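See below for the structure under consideration.
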Amino acid sequence: QVQLVESGGGLVQAGESLRLSCAASGSTFGFNTMNWFRQAPGKQREWVAGVSSVGVTAYAESVKGRFTISRDNAKNAMYLQMNSLKPEDTAVYYCKGTVGLHDYWGQGTQVTVSS
């Protein structure tokens, strides 16, 4: 059974940084693409950033230049370094991993940015 567990969320002030982690277990094949999504209260879940199995990255325009996604295939882990945080970054952040045709989601970690 594949499981993803996020950690690293918290309450910070605008301009500060946080580093989210996503630890995967249960997959002996490794993930193809891994992505971060977020969902703010009253809004739909939105894609934030993604990284391929060979390290190619992509970002939503709203976070480009402030967030950095990375992964450690040996550890089956993914990270999201978030700098210059803004109040509009407040959301529950989810990681998603894809193995073959299957998507797996974590339970989410809350990030709150105060102004």
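The values are calculated or read from the model by the stated rules, or taken from the named source; none is laboratory data. This one's a predicted model, so the numbers in the text were calculated from it and none came from an experiment. Please note: Cβ atoms are built from the backbone with ideal geometry, for glycine as well, and neighbour counts cover all protein chains shown. Just so you know, the surface numbers come from the protein's heavy atoms only, side chains and all, with ligands and any DNA or RNA stripped out. Shrake-Rupley method; radii C 1.70, N 1.55, O 1.52, S 1.80 Å.
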Using unit Cβ charges (K, R positive; D, E negative) and no other charged atoms, how large, in debye to the nearest 20, is the dipole of the chain about its Cα centre? 60 debye
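Tell me, what is the FRET efficiency for Thr68 and Gln1 to the nearest 0.05, using R0 = 30 angstrom and their Cβ-Cβ distance as r?
Given R0 = 30 Å and the Cβ-Cβ separation, E is 0.50.
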Express in whole angstrom the spacing between the alpha-carbon centres of the range 9-66 and the range 89-113. 7 Å
Carbon and sulfur atoms account, in whole percent of the 1.4 Å probe accessible area of the chain, for 51 percent
Name the trypsin sites (Lys or Arg not before Pro) in the range 51-113 that are in a loop by DSSP and that have at most 14 other C-beta atoms within 10 Å, would you? Lys64
Treating the beta-carbon of each Lys and Arg as +1 and of each Asp and Glu as -1, no other charges, what is the dipole magnitude of the range 61-112 about its Cα centre, to the nearest 20 debye? 120 debye
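Test of understanding: what is the full-extension gain from Glu88 to Glu61, defined as 0.36 nm times their sequence separation minus their Cα-Cα distance?
Stretched out fully, the Glu88 to Glu61 stretch lengthens by 8.4 nm.
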Solvent-accessible area per residue for the range 1-110 (1.4 angstrom probe, square angstrom): 53 Å²
Ordering Arg45, Arg19 by how much accessible area each has at a 1.4 Å probe, largest first, what is the list? Arg19, Arg45
